[in-house]
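A quick write-up on the structure given underneath.
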Amino acid sequence: MGIRLNPDLYQTVLQGIDLLQQEENNDLEQMSSGKRFNNLSDDPVAVSQLVLNEAETSNVNQYLANVTTLQNSLQVADSTLNSVVTALSQAISLGVEGSNGTLNSSDEQTLAIQVSGIKDQILSLANTTYNGDYLFSGTAVTTQPFTEDSSSASGVTYNGNGSTNSVQIGDGEYIPVNLSGSQVFTPTGSDVFAALQGLVNALQNGGDVADATTQLQQVFSRFNTQRTFYGATLSRLQSTQAYLTQEQLGLSTAQNNIEGANISSVISNYVQSETALDATYQAAGLISQMSLLDYLK
Amino acid sequence: MGTLLSSMSIALSALEAEQTAVQVTSQNIANANTVGYDRQVTVLEEGAPTSFSGLLLGGGVSVESIQSMRDSVLNLRLDSETQQQSSLSTYVNGMQQIEAIFNEASGVGLASALSGFFSSIQALSADPSNSTLRQAVLNAGSALAQGFNSASNQLQAAQSGTDQEVAQSVDQINDLASQVASLNQQIMSLQAGGEGTGELEGQRDEVLSQLSQLVGISTVSADQDSVTVTVAGGSPLVVGNQAYQLTTGKDAATGMTQVYSQGANITAQITGGSLGGNLQVRDQEIPQLQESLDNLAASLINNVNSANSQGYDLNGNPGGDFFTPFTPSASGSNQGAAASMSMYITDPSQVAASSDGSAGSSGNLQNFMNVQTQNIIDGQTAQSFYANFVGALGESISTASASAEAAGLVVQQLQNQQASVSGVSLDEEATNLMKYQQAYEAAARVVSVVDDLTNFVITNLGAS
């Protein structure tokens, strides 16, 4: 007599069908989600990497958003300072005109009024706001930085502070994003308003217009040097933006590598399971419903 | 010398024996699909011979016994594998509920709330006086706190769910223990009367296998008739005809159901079966996860509060707590930190971004960002800690799933083996039936022939 087998063939068939259906389910889940795993326990190491990848992606996205925000405000500041440069050039031209010695007192008075107008214009530019914040008051963004003040020699007082901000644009990378109004407009010895007022005074009172103009020129060249900060920062932001965009792409590729399903291999697995399942069903159908008992008469 | 009458009685014994054999076959066929039924075999025995004038003449046939085909060693192995498999698969089921709370594979969990909070700080640093961005920081802080609340509450809910299953399992165990005790009683009294108990033993094996689904047990067959069952490393469950019921009570501190045997708390000693698996989830895994979550919450609360306290708010006032401060217990436990985490400040102007009191300063936000980059918990950043937390959770489930699957295969294999010993094969029963039928017919023929011979003797001798 041979080895006795489990007489219940259906049990074995059912176990086989169970396993195959589980595999098919798994494949279908991957196909529908496009992900290699849908549960933590499917690949714990990968999910753990995914969490860190998401943290880094979120940082990089925010750095990029910050770069855009900064670009907007820095561009406003830069173009404001461009207008100041234009206005100062005009004032210098007026000073040169006033110092050639051929003008009469009335002409000089007219020039003085023009220069004074330019000073008012620059004062207004120095009080430029962006999104409601003063751009040149240091970090005291709610305080109007420059106000007219007859008690001061320059006629203008700085009310802001000397603080500057730094913003993070990369892991551990902070970039200073502003100059205080006192650095830009009123540094000791290079006060824009004092120089303009000096020229106005010289024109009005028959003073040494040539000397006042020379002083204004020196202030102008100092101012020009200061304002390059904004251009330089903008160009640094631009290269940072390019770098961050690259990094964003890299992180997204990494994420896809971690969790993306290999669809073609999933489909081929699915087809295999389906074939096997089909065969099992057929085999189950063929298991004889009859036994020897059917032949007993 | 033989006689006709003794031939008749031998044929009669054959008729009786074959009838019994047919009845056993019929019983086997009737129970072909009964779970736990062990097929029976009729064991025939040659009747004691009698010596007659130097000749040894056979004494017919009798039924020696009706044997249940069963491999006790195999059953023991199957029970022990079942306990292991049931414990693992219950553990996996329980842990899968928890996995769903932190399923970062589908974007569920705290990771996005954590990075969302730090992003909101980053965004504010580019425009610190912007009230929309300040409000966004409050919203992100609040979302983070709610994330911790909800994770902690869901962990607790999972723990109470498991606790209910523990109580139910104990009821079922008691019920099955009573059945074993009662079967022990029946088997003992039948065996005392010298009767066969194969079917009852089969039933008892089936009850023991159901018991093995529920809890890890040790069984000892003191003698053939009674089985002693112990749980949790030696606490009696069934001794002879006596079932020792397990009792339950709530732990005063945790509110969790504890299991008692004879007044002693045996909860920590219980392993195996669905009860063992549930207890592992309830008493080891969930408290551990909860502790990690609480530690992370407490660390974030402290560090963010300290960052906010170092700066000045939008109005130039010194900053204070950001989240509602958490005080650890006297023993230093952070229990409850995640569940109670909430915003302390409610006004966006109270975010202390400024390092010098001016509205546009973002200097103090660096202290917030340091909370993200510094190792604030167990020598790791908050986000690495959380990544490892989910990684470890996934790993324990995946390891247990693999073991459960392997144990499941072993159980299937053993069940197959068991069925090959005990399962009813209809073909086999059919051949037996034919065999018994033929033997019965032959014996009946013998009766008929002996009858003819007897008639012949009576008729012919009477006529002369």
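Counting only residues that are aliphatic (A, V, I, L, M) and not in a helix (DSSP H, G or I), the stretch A:240-287 holds 2 of them. Take the conditions (1) over 30 Å from A:S93 (Cβ atoms); (2) buried (at least 17 other Cβ atoms within 10 Å of the Cβ); A:S180 misses just one of them, which is (1).
Flag: B:D163 matches the condition of being of a type outside the set (F, W, Y), under 29 Å from B:G255 (Cα atoms), part of a helix (DSSP H, G or I) and more than 10 Å from every other protein chain (Cβ to nearest Cβ).
Among helices (runs of 4 or more DSSP H) entirely within the stretch B:271-390, having at least 2 residues that are crowded, with 21+ Cβ neighbours inside 10 Å, in contact with a His (Cβ under 7 Å, 6 or more places away or on another chain) and more than 14 Å from chain A (Cβ to nearest Cβ) singles out no element at all.
Cβ-Cβ contacts under 8 Å between residues 6 or more apart (or on different chains), taken from a first residue in the stretch B:230-246 that is within 11 Å of B:I173 (Cβ to Cβ) to a second residue that is part of a strand (DSSP E or B) and of a type in the set (F, W, Y), are listed as B:L246/B:Y260.
Quick one: is A:I92 more than 30 Å from B:I98 (Cα to Cα) and either touching a residue at least 12 places away in the same chain (Cβ under 8 Å) or within 14 Å of chain B (Cβ to nearest Cβ) (or both)? For A:I92, the condition - more than 30 Å from B:I98 (Cα to Cα) and either touching a residue at least 12 places away in the same chain (Cβ under 8 Å) or within 14 Å of chain B (Cβ to nearest Cβ) (or both) - is met.
All conditions but one from (1) out of contact with any Gly (no Cβ under 7 Å at 6 or more places or on another chain); (2) crowded, with 19+ Cβ neighbours inside 10 Å; (3) not basic (K, R) apply to B:Q164; the one that does not is (2).
Does A:L277 count as in contact with a Leu (Cβ under 6 Å, 6 or more places away or on another chain), of a type outside the set (D, E), in contact (Cβ under 8 Å) with a residue 40 or more places away in the chain and surrounded by 11 or more Cβ atoms within 10 Å (Cβ to Cβ)? Spelling it out, A:L277 is indeed in contact with a Leu (Cβ under 6 Å, 6 or more places away or on another chain), of a type outside the set (D, E), in contact (Cβ under 8 Å) with a residue 40 or more places away in the chain and surrounded by 11 or more Cβ atoms within 10 Å (Cβ to Cβ).
Within the stretch B:219-237, if we keep just the residues that are within 20 Å of the chain's Cα centre (by Cα) and surrounded by 16 or more Cβ atoms within 10 Å (Cβ to Cβ), the residue that is farthest from B:G194 (Cα to Cα) turns out to be B:A232.
For the stretch B:72-84, the criterion of being over 28 Å from A:R4 (Cα atoms) and out of contact with any Leu (no Cβ under 6 Å at 6 or more places or on another chain) is met by none of the residues. Of all residues in the stretch B:194-229, those satisfying the criterion of being free of Cβ contacts under 8 Å to residues at least 60 places away in the same chain and assigned to a loop (DSSP other than H, G, I, E, B) are B:G194, B:E195, B:T197, B:A222, B:D223, B:Q224, B:D225, B:S226. Here B:A177 meets each of (1) closer than 25 Å to A:T57 by Cα; (2) aliphatic (A, V, I, L, M); (3) away from chain A (no Cβ under 14 Å) with one exception, condition (1). B:E99 passes every criterion in (1) surrounded by fewer than 21 Cβ atoms within 10 Å (Cβ to Cβ); (2) in contact (Cβ under 8 Å) with a residue 24 or more places away in the chain; (3) within 8 Å of another protein chain (Cβ to nearest Cβ) apart from (1). Listed by position, the strands (runs of 3 or more DSSP E) contained in the stretch A:109-188 that have at least 2 residues being within 14 Å of chain B (Cβ to nearest Cβ) are A:166-170, A:173-176.
The residues of the stretch A:4-45 that are among the acidic types (D, E) and part of a helix (DSSP H, G or I), listed by number, are A:D18, A:E23, A:E24, A:D27, A:E29, A:D42.
Determine whether the stretch B:429-438 contains at least one residue that is assigned by TED's automatic domain parsing to the domain that holds B:Q290 and in a helix (DSSP H, G or I). No.
Here B:S420 meets the list (1) at positive phi; (2) within 11 Å of chain A (Cβ to nearest Cβ); (3) free of Cβ contacts under 8 Å to residues at least 24 places away in the same chain almost entirely, failing just condition (1). The residue of the stretch A:40-77 that is nearest to the other protein chains (Cβ to nearest Cβ), among those that are surrounded by fewer than 19 Cβ atoms within 10 Å (Cβ to Cβ) and farther than 25 Å from A:Q246 by Cβ, is A:V45.
Scanning the stretch A:20-29 for residues that are surrounded by 15 or more Cβ atoms within 10 Å (Cβ to Cβ) and either within 12 Å of chain B (Cβ to nearest Cβ) or of a type in the set (S, T, Y) (or both) yields a single hit, A:E29. For the stretch A:196-214, state whether one or more residues are of a type in the set (D, E, K, R) and not in a helix (DSSP H, G or I). Checking the stretch A:196-214: at least one residue is of a type in the set (D, E, K, R) and not in a helix (DSSP H, G or I).
Selection of the stretch B:53-84 for residues being more than 14 Å from chain A (Cβ to nearest Cβ) and part of a helix (DSSP H, G or I) yields B:S72, B:V73, B:N75, B:L76, B:R77, B:D79, B:S80, B:E81, B:T82, B:Q83, B:Q84.
Report yes if B:S152 is modelled with pLDDT of 95 or more, in contact with a Leu (Cβ under 8 Å, 6 or more places away or on another chain) and small (G, A, S), otherwise no.
Against the criterion (modelled with pLDDT of 95 or more, in contact with a Leu (Cβ under 8 Å, 6 or more places away or on another chain) and small (G, A, S)), B:S152 qualifies.
Tallying residues that are at the interface with chain A (Cβ under 8 Å from one of its Cβ atoms) and either touching a residue at least 12 places away in the same chain (Cβ under 8 Å) or surrounded by fewer than 17 Cβ atoms within 10 Å (Cβ to Cβ) (or both) within the stretch B:128-157 yields 2.
The values are calculated or read from the model by the stated rules, or taken from the named source; none is laboratory data. The structure displayed is predicted, hence computed values, not measured ones. Cβ: placed from backbone, ideal geometry, glycine included. Neighbour counts: every protein chain shown.
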